[in-house]
Amino acid sequence: MEHEHTKQMALEYHKRTGFPFVTLKTAMTLDGKIATSTGDSKWVTNELSREDVHRMRHWMDGIMVGIGTVLKDRPSLTTRLPEGGGKNPTRIVADSLLRIPLDTPLVTTTKDAPTWVFCTDQADTEKEKQLIEHGVKVVRTGSGPHVDLVKAMKHLGENGITSVLLEGGGQLNWSMLEAGLVQKVVTFIAPKLLGGKESITPISGQGFERMGLAVPLKNVTVQHFGEDICISGYLDQVAAGTQD
Ligand SMILES: NC(=O)c1ccc[n+]([C@@H]2O[C@H](COP(=O)([O-])OP(=O)(O)OC[C@H]3O[C@@H](n4cnc5c(N)ncnc54)[C@H](OP(=O)(O)O)[C@@H]3O)[C@@H](O)[C@H]2O)c1
């Protein structure tokens, strides 16, 4: 029901703004880590939580990650429901210089689900050609140095993507949040402790310098998945990020 409700909100948001409704989803330990310092993140949460993430994917038009996550995890970002079936969202990658390997699942499985890669004008045209040959859609967002996320979201909205599940990592999550492009946050918390100042956190980047600038969530709900908990909430300024 929760996921169907989000889908409905997304359709309304997209109709009103032209942008996709973005849900930032993370899975972290109780001490706020999404991966170890070596990048190991399998698995933070339990099976019930992970199953719910796949149900979420089923309702989304798109699922988005940064190239850091692609290089570390080699994810396929498809939907795997325990009863089988499930709809695969369009896989979206922010990858300024097209570093995405040709043998990574997102490139080798474009027959199962579309993969769109956003890059800058600096990206290699030969690599672009190779990716297109593998069935990947490549979209340039300008001079860089990084992918212009507002332009990327606008492009998605114009091409039928009304909802996006943002699955990180920390750098992309921060940039999306800072640009005002996130509308909902869903955080799964596993009751385990990892420690380590080099361990990876859900939202990294520069961060805000004062507590008063922290982004508050509204309409917060708490769910339990076995011993994991999941906290969800909405950002106030759902209309932000709609300017050119
Ligand atoms: N537990 C979880 O929920 C979870 C979920 C996802 C990932 N992870 C973990 O997170 C780690 C990866 O996180 P990460 O922060 O290193 O990588 P990331 O956020 O996945 O990717 C960051 C990269 O995206 C590219 N990018 C392009 N445009 C960008 C923009 N406008 N803003 C920000 N980045 C942009 C940049 O590289 P270019 O400039 O070269 O394009 C940047 O280095 C992995 O260890 C993974 O296992 C955990």
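Just one residue in the set Thr17, Thr29 is within 14 Å of the ligand (Cβ to nearest atom), among the hydroxyl-bearing types (Ser, Thr, Tyr) and either modelled with pLDDT of 95 or more or in contact with a helix residue (DSSP H, G or I) (Cβ under 6 Å, 6 or more places away or on another chain) (or both); that residue is Thr29.
Exactly one residue out of Gly84, Gly18 is free of Cβ contacts under 8 Å to residues at least 12 places away in the same chain and small (Gly, Ala, Ser), and it is Gly84.
Which one of these does Ala10 not meet: (1) within 16 Å of the ligand (Cβ to nearest atom); (2) touching a residue at least 24 places away in the same chain (Cβ under 8 Å)? With (1) within 16 Å of the ligand (Cβ to nearest atom); (2) touching a residue at least 24 places away in the same chain (Cβ under 8 Å) applied to Ala10, the lone miss is (1).
Which of the residues spanning segment 1-58 are among the acidic types (Asp, Glu) and open to solvent by less than 30 Å² (accessible area, probe 1.4 Å)? The one that is among the acidic types (Asp, Glu) and open to solvent by less than 30 Å² (accessible area, probe 1.4 Å): Asp52. Filtered by the rule that a residue be crowded, with 19+ Cβ neighbours inside 10 Å and either more than 13 Å from the ligand (Cβ to nearest atom) or of a type outside the set (D, E, K, R) (or both), segment 69-79 gives Thr69, Val70, Leu77, Thr79.
Condition first: under 24 Å from Asn88 (Cβ atoms) and either modelled with pLDDT under 95 or over 12 Å from the mean Cα position of the chain (by Cα) (or both). Now tell me which residues in segment 169-182 satisfy that. Before the answer, list the steps.
Kept after step one, since they are under 24 Å from Asn88 (Cβ atoms), are these residues of segment 169-182: 169, 172-173, 176, 181-182.
Within segment 169-182, Gly169 is the sole residue that qualifies.
Within segment 114-168, the set of residues being more than 18 Å from Thr90 (Cα to Cα) and in contact with a helix residue (DSSP H, G or I) (Cβ under 6 Å, 6 or more places away or on another chain) comprises Thr141 only. Within segment 92-121, which residues are within 21 Å of Pro20 (Cβ to Cβ), open to solvent by less than 40 Å² (accessible area, probe 1.4 Å), more than 13 Å from the ligand (Cβ to nearest atom) and of a type outside the set (A, V, I, L, M)? Thr110, Thr115, Trp116 - these are the residues of segment 92-121 that are within 21 Å of Pro20 (Cβ to Cβ), open to solvent by less than 40 Å² (accessible area, probe 1.4 Å), more than 13 Å from the ligand (Cβ to nearest atom) and of a type outside the set (A, V, I, L, M). Among the numbered criteria (1) away from the ligand (no atom under 11 Å from the Cβ); (2) in contact (Cβ under 8 Å) with a residue 40 or more places away in the chain; (3) aromatic (Phe, Trp, Tyr), which one does Phe208 miss? The one condition Phe208 does not meet is (2).
Residue-by-condition table, conditions (1) under 22 Å from Leu213 (Cβ atoms); (2) within 14 Å of the ligand (Cβ to nearest atom); (3) without any contact (Cβ under 8 Å) to a residue 24 or more places away in the chain; (4) of a type in the set (A, V, I, L, M, F, W, C):
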residue	(1), (2), (3), (4)
Gly135	no, no, no, no
Arg140	no, yes, yes, no
Gly157	no, no, no, no
Gly170	yes, yes, no, no
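The values are calculated or read from the model by the stated rules, or taken from the named source; none is laboratory data. Since the model is a prediction, treat every value here as computed from it, not as a measurement. All Cβ positions, even for glycine, are placed from backbone atoms using ideal geometry, and neighbour counts span all protein chains on display. Note: accessible area is taken over every heavy atom of the protein model, side chains too, but ligands, DNA and RNA are not part of it. Shrake-Rupley method; radii C 1.70, N 1.55, O 1.52, S 1.80 Å.
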